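Structure first, commentary second.
Each value in this text was obtained by applying a stated rule to the coordinates, not by laboratory testing. The structure presented is a predicted model; accordingly, all values stated were derived computationally and were not measured. Glycine also receives a Cβ, built like all others from the backbone with ideal geometry; neighbour counts cover every protein chain displayed.
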Ligand code: NAI
C-alpha cells in the first residue's frame, strides 16, 4: 500500500491556472488604447501591438506617442500643477489613499493583467508586485500628509517626466508616481513598450477616484516617445532602465538645470561566506536571480562563494534549481515564467553564448520553445568573461569562488555597477563588515530582493543616482528652500605670465603654489597668471589628475569617524581665528568671520548627520546610513573667494569625503593662504586638494574624472552645460550650487550635507 507520505514525496503538481476572464474581457471591451491626457483617453492614431510573451497572442493595440502627444500631456500636467500643489497635504493624502485602496480592490485583476502582459508568474504578480504597489501609495499618502512638517520650506519641482521599464511595470509606476504626487508635482509617465497595459488600467483608476485632471498623464510608446519626453518642457526626468539609455538622457539634459534621477543596471554580488547557512543561502539564490526570470536590476547575478564550502553549496543549488518549474505564467505553481519578449530572450542567449565561447560552462539555462529559458548558471568563469561583466538580465547567474573576506570584497566591487548586494554569513561581525565595504546602494544581509516603500532604493557608480522610497526618495521630488540669489562675477580668461613679469611686491617674494597630498606643488606647466596681490599658479589637466590621485589616498579620513573629523575642523577654526586680521586684510572681515563660523558649524555636524532605522518589513532591521561619496570635485564661486571656498569644502570634508577644489579664478590667493592653516590643524594630507587656474580648463576635467564620485558646480551656470556633459560620461551627479551671499546664513546647513552623502540601505533579519 502506498503511504500518504510517499505520495507527498512523489506527487507532481497538477496545473492550477488563474482565471484570466476578467482581464481578457477588459481588454476585449477596449481593443485599442489611446493616451491618458488631461483626465481622458485620446483617440489613438498610430498604434503598436502588445502581446502575451507566454503564448505570443495579441493582447491589445496601444497608441504610439509622438512629440505632439508628449507636448499635450506636459501642457495638461503644467496646467494642473499649481492647483495640485495648492491643495493641503491632507487633501493630496486622501487622493493617494484612494489610489492605494482602489489598487487593493483590483488586486486580482491587476495581477492577472500584469502576468499576461509581462510573462511573470502569477504568484509573484499577486504576492509581491501588486501588494507593494498598494503599500507604496499608502506610504506616500503619509508623506503627502506630513510633507510640510517633515520637509519645511521645500517646494514641489513642477512637472515630472517619468520613464519606466518592463520588468515590474505597475510597481515601477508606483515608485515613480506616488512620491511625485505626494510632494505636489504632476506627472507625465511613459510605460515600456512591452508592458503598457497595467499603466492604462491605473489611468482608469485615477479617473475612478476623481483625481484632478492632468495630475497624472500616461503617454505610451517606444524609445522615441521616451526621448520626446526627455526633450519636453519638464522640470525633472526620473528614469529606470538600461545604463546606456540613462547615459544618453544625462547627456541630453546637460546644462538645462533640470533635475534627473537614474536607476540603471546592475551586476549585483551575492556573497556566501564559509559560515553561512547554506540552505538559506540557496533559497536566497532563488529569490536573487530566479525571481522574475532574472529580469531584475538588483538581481544577485554574481554568486561568490567561499572556496571551502563551494562544492557543497553548488550541489545544493543545483538540486534546488532542478526543482524549479518553468511554465505557463498563469499557473499558480509556476516558478519561472516567460521572458518579456523574443528580443530579450535572444539578448540573454547571445550573452550566454559569448560567455561559453570565452570558456565558461553553462549549467542549465536551456532555451525552450517560445519565450522560455530554464534557470541556469555559468561556472568556471574568468573575471573578464562577457558573462561576468555584462548584465544578462535573465535567469542565469555566474558562480565563482574566493578564499578570504578581502578577496570577496574585491571581487564584489570589481564591476562598473553599484546597485545592490546580498551577503550571507551567520556572524554579525562578518556580515556587517562586508555590508560596509561593498559599494552598493542596498545591501541585504541573509536575504535577497526585499523591497519596501519606506526603504530607499537606488545605486551608485554606473547604476545611477537618486533614491526611491522613504524620506530620501521624497527629497528627490522636492526643491530645497529657495535662497536669496547673489550676483555672480564671471571669471576673466587668465593669461599666463612668466616670473619676470610679476608685479613687484616689496617684501620677501612668496610664490603661491598648488596644494595636493598635503604638500605645496608647482603647476605642471610651470606657468602663473596675474591676480590681485600677485601671481597664482596656472594649473592644468595633469594637475587635476595628480590632485585626484592624492585625494584617493585619503581613505582613512572617512574611517576616522565624526568626532575626530570635528576636532580637525575646530582646529581649523582656531587657527583661522589666530590669523583673522591677516585674512581680513585680503578678504574683508565678513568673509573671515563667515569662514570661522563655517568651520564651527560643520565641526558640530560632523558626528550628527545620522542615518535612520526605517519601519519597513516587520522582523527586519532596515537602516539607512549616510555614506560619503569618496572624492568630490568642487568648482568654487568666483565672488567671495574665502567664504565661498570654505562654505563648500567644509561640509564635504565634514562628512568624510576628500575634495579636489578649484578656488575662485580671479582671486585665489585668499585660498592659497589657507595651506598653512590646514597644515597646522592636523588635516591629513589628501583630504583637501587645491588646483588654481582657468576654470574653463580645469572644471570639465574634474567633472569628467572617473574617480570623482560627485561634482559641485558653484559660481554661476554659464558653463554648466560643459561640465554636465563631462560628468554624464560616467554618470556622476552634478549639483549646480545656486549663487548666494557666501557670508550669510543661507551659505551653511543641512542642504550642503545632504549633497555630501548618499544613502546605503542595509536590511538585516531581526528577531524574526
Ligand atoms: P531600455 O533602457 O531601452 O528601456 C527602458 C525604458 O526606456 C523604456 O520605457 C523605453 O521605451 C525607454 N527608452 C528607450 N530608449 C529611450 C531614449 N532614447 N530616451 C528615453 N527613453 C528611452 O531597456 P531595454 O532595451 O528594454 O532593455 C535592454 C537592457 O536594459 C536589458 O536587457 C537590461 O540589461 C537593461 N534594463 C535594465 C532595467 C533596470 O531595471 N535597471 C530595466 C530594463 C532594462
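Extension gain, residue 750-residue 496: 0.36 nm per intervening residue step, less the Cα-Cα distance, totals 87.5 nm. Judged by the ratio a/c of the largest to the smallest principal axis of the C-alpha gyration tensor, region 202-296 counts as oblate, that ratio being 1.5 or greater while a/b is no larger than b/c. Based on the alpha-carbon gyration tensor of region 617-736 and its eigenvalue square roots a ≥ b ≥ c, which shape applies: rounded if a/c is under 1.5, prolate if not and a/b is larger than b/c, or oblate? Oblate is the answer for region 617-736, as a/c is 1.5 or above yet b/c matches or exceeds a/b. Look at the alpha carbon pairs under 8 Å that are at least 6 residues apart: their mean separation over the length of region 512-601 gives a relative contact order of 19 percent.
Put one equal scatterer on each alpha carbon of region 269-458, apply the Debye formula with no solvent term, and list log10 I(q)/I(0) at q = 0.15 1/Å to two decimals. Here the Debye-derived log intensity ratios amount to -0.85. Between residue 104 and residue 45, residue separation times 0.36 nm minus the direct Cα-Cα distance comes to 18.0 nm.
Counting beta carbons within 10 Å around each of 297, 371 and listing the fewest first gives the order 371, 297.
Full extension of the chain between residue 242 and residue 428 gives 63.5 nm of extra length, using 0.36 nm per residue less the Cα-Cα distance.
From the square roots a ≥ b ≥ c of the eigenvalues of the alpha-carbon gyration tensor of region 20-264, which class results: rounded (a/c under 1.5), prolate (a/b over b/c), or oblate? Because a/c hits 1.5 or more and a/b fails to exceed b/c, region 20-264 counts as oblate. Between residue 252 and residue 350, the distance separating the two model label sites (each 7 Å from Cα on the Cα→Cβ line) works out to 2.2 nm.
For the chain, the antiparallel share of DSSP beta bridges with both residues in that region comes to about 40%. Projected label points at residue 556 and residue 766, each 7 Å from Cα along the beta carbon direction, are separated by 3.3 nanometres. The order of 154, 35, going from fewest to most other C-beta atoms within 10 Å of their C-beta, is 154, 35.
Extending 7 Å from the Cα toward the beta-carbon at both residue 29 and residue 324 defines two label points whose distance is 3.7 nm. A Förster radius of 41 Å combined with the Cβ-Cβ distance from residue 21 to residue 233 puts the calculated FRET efficiency at roughly 0.45. The Rg/Rh ratio for the chain is 1.01, where Rg is the radius of gyration of the alpha carbons and Rh is the Kirkwood radius.
Listed peptides 485-497, 374-386, 704-716 appear in the order 704-716, 374-386, 485-497 once ranked by packing, highest mean of other Cβ atoms within 10 Å at the front. Pairs of Cα atoms nearer than 8 Å and 6+ residues apart set the relative contact order; for region 506-760 it is 26 percent.
Placing a label point 7 Å from the Cα of residue 382 along the Cα-to-Cβ line, no residue of region 281-307 has its backbone N under 14 Å from it. Highest mean packing comes first when the peptides 116-128, 581-593 are listed by Cβ atoms within 10 Å, giving 116-128, 581-593.
Which FRET efficiency value, to the nearest 0.05, is calculated for residue 612 and residue 3 with the Förster distance at 51 angstrom and r the Cβ-Cβ distance? It comes out at approximately 0.40.
Entry note, region 20-264: relative contact order of 25 percent, from Cα contacts under 8 Å with a spacing of 6+ residues.
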